[in-house]
Amino acid sequence: MAGIKAGEFDVVVAGGGLGGVAAALAALRRGARVLVTEETDWLGGQLTAQGVPPDEHAWIERFGATRSYRALRDGIRDHYRRWYPLTDAARRAPDLNPGLGRVSRLCHEPRVAADVLAGFLAPHIASGRLTVWYRHRPVATEVDGDRISSVAFEGPDGTIRVVSAPYVLDATELGDLLPLAGVEHVTGFESGAETGEPSAPAEAQPSNMQAVSWVFAVEHRDGEDHTIDKPERYAFWREYRPDYWPGPLLGLTAPDPRTLEPVTRSFVPHAATGPVVADQSLDPGDKDLWLFRRVLARENFTPGFLDSDVTIVNWPMIDYLEGPIIGVSEEEKKRHLDGARELAMSMMYWLQTEAPRPDGGTGWPGLRLRGDIFGTDDGLAKAPYIRESRRIKARRTVLEQDLSLAVRGEHGALAYPDSVGVGMYRIDLHPSTGGDNYIDVASCPFQIPLGALLPQRVENVLAAGKNIGTTHITNGCYRLHPVEWNIGEAAGALAAHCVANGRTPAQVHEDPALLAEFQRELAADGVELAWPVVRGY
């Protein structure tokens with residue numbers, strides 16, 4: 001391939017989201033030379049550039065995550081304790097939740113997580129063993145049989161850089177390396193005939209994927225007017241209503257994900273609503289939209305520091321359903337992404353002008369976009385929130401019946417002998433581009449099988465994010481923050497392990513002795529390979 005020939009690395013990580021960063025750190029701990037490329041100018045993916053506070057399971061403060069993921073959570077809390085004027089009570093709280101949001105016990109600004117992740121990588125950059133290319137995306141590969149020999153990345157000025165490495169990890173948000181390298185993969189919904197999953201359709205639906213959402217942050221300044229310009233197609237979105245939705249998408253009434261019954265949410269800036277639960281096994285937290293994904297709560301800080309709370313708008317009302325952004329032309333992809341942005345801004349305009357207020361009036365004109373929370377000028381996150389990726393055809397595919405609570409019951413999730421980590425989340429599928437309502441299935445705490453990270457054929461590519469060997473259905477519980485991190489950490493560790501020991505991922509996976517050796521290495525690094533006895537929800 002033409003272009004600038006860059007230095008060789010041991011591991012190339014395409015994508016600097018949570019999986020990509022965890023992969024890089026794991027490889028660096030083992031002495032590898034690593035390149036990370038990232039399409040935006042922030043590392044952290046869904047946690048930072050996409051603006052989504054961490055969705056985590058009920059036991060996250062005690063177990064069920066890797067040591068390095070815990071270090072990330074501790075680093076975020078320490079950042080607030082070191083630099084922010086917290087109240088004495090907030091500073092002393094071991095489980096400090098800066099936003100007192102209900103989605104998680106750790107709701108925080110995306111920018112803080114980006115700073116902490118950059119700090120994790122800074123010493124490795126200084127040592128010369130880590131290189132990070134921001135605003136770069138993979139555009140081509142050279143393939144030699146069942147191996148990738150090089151990858152070309154395009155930079156912001158159009159310059160092409162070509163790199164090679166023994167191992168290439170795909171941690172991109174959409175699995176972009178897979179089609180470029182001819183790695184066998186699937187998209188959308190598999191058929192029940194293929195997977196045997198209780199929630200699968202009779203026929204495969206490759207274009208039926210979870211909605212993307214373009215997230216934004218707001219504060220509220222009483223007595224001020226920050227109403228944005230009316231979006232060009234506001235009238236279209238104001239009347240938009242999926243067949244299965246209880247009313248217009250722009251509204252406060254939406255299906256309960258678990259029961260599909262219509263539920264009207266509340267949205268009242270700064271309303272006093274009592275203690276925050278932040279435990280999705282007891283309360284999904286989505287009924288009070290101001291508190292749901294609040295990332296800064298005034299009561300945590302000294303009086304006068306914040307004029308307003310700040311909350312993230314990532315609600316079902318901004319799920320974009322008009323079409324997928326995978327498997328379509330670049331023109332159509334852009335049209336859908338522009339549509340997702342316009343839907344988000346239409347929601348903002350509706351909140352400012354038409355949302356019902358407790359006093360009988362309409363609209364909250366004091367709502368103000370906080371693009372600075374994301375480092376953007378337009379108020380939106382740097383990138384759309386991606387729930388579903390292309391997925392490799394893997395040596396092991398995780399199926400609904402492996403972990404569904406209804407199927408497995410008291411037996412718990414299927415135990416994988418090749419476990420490289422653990423995770424827990426309900427099978428949470430948002431409305432889709434194929435016309436499906438929520439699919440929300442209780443699950444058991446599960447393991448991450450190494451075989452799900454390994455393509456069936458290509459030898460030196462590893463999946464390191466949402467592109468592992470799950471199905472459309474099980475992607476719904478393997479896509480969340482601590483699981484993506486664990487996936488990336490296992491992939492980075494395996495790549496460096498293979499470089500150091502002259503092995504291939506297939507050899508490690510197939511040989512029980514080599515697999516046990518690698519699992520011991522992971523355990524020593526603080527990767528939990530199995531759950532204690534806990535019940536799903």
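The values are calculated or read from the model by the stated rules, or taken from the named source; none is laboratory data. None of the values given here were measured: they were computed from a predicted structure. For neighbour counting, all protein chains shown are included, and Cβ atoms are generated from backbone atoms with ideal geometry for every residue, glycine included. Quick note on the areas: whole protein, heavy atoms, side chains included, nothing else; ligands and nucleic acids left out. Shrake-Rupley method; radii C 1.70, N 1.55, O 1.52, S 1.80 Å.
The table below gives the values:
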item: Hull shadow area, averaged, segment 307-389 [alpha-carbon convex hull, nm²]; result: 6.8 nm²
item: For segment 309-365: relative contact order, % (alpha-carbon pairs under 8 angstrom, 6 or more apart); result: 23 percent
item: Nearest 10 degrees, 0 to 90: helix 67-83 Cα axis against the chain principal axis; result: 40 degrees
item: Global size of segment 341-398 as Cα Rg and Dmax, reported in angstrom; result: 18.1, 58
item: Cα point-scatterer Debye curve for segment 273-334, base-10 log of I(q)/I(0) at q = 0.13, 0.25, 0.28, 0.29 Å⁻¹; result: -0.57, -1.08, -1.20, -1.24
item: Kirkwood Rh in Å, taken over all unlike Cα pairs in segment 249-299; result: 12.1 Å
item: Shape metrics for segment 41-148, restricted to C-alpha atoms - Rg then Dmax, Å; result: 17.2, 61
item: In the chain, lysine pairs closer than 23 Å at Cα, eight or more apart or cross-chain; result: 8
item: On Cα atoms only, tilt of 330-353 relative to the major axis of the chain in degrees; result: 30 degrees
item: Per residue accessible area in Å² of the chain, where ligands, DNA and RNA are left out and the probe is 1.4 Å; result: 36 Å²
item: Point-to-point label distance, Asp88-Ala235, nm (Cα→Cβ direction, 7 Å offset); result: 6.0 nm
item: Globularity index of segment 72-128, i.e. its alpha-carbon radius of gyration over 2.2 N^0.38 Å; result: 1.24
item: Rg(Cα) / (2.2 N^0.38 Å) computed for segment 39-78, rounded to two decimals; result: 1.28
item: Contact order normalised by residue count of segment 371-525, Cα under 8 Å, 6+ apart, percent; result: 24 percent
item: Compactness of segment 194-305, expressed as Rg and Dmax over alpha-carbon positions, Å; result: 18.6, 59
item: Calculated P(r) tail over 23 Å for segment 124-272, as whole % of Cα pairs; result: 66 percent
item: Computed helical MRE - 222 nm, the chain, DSSP H runs ≥ 4 contributing -39500 (n - 2.57), nearest 500; result: -8000 deg cm²/dmol
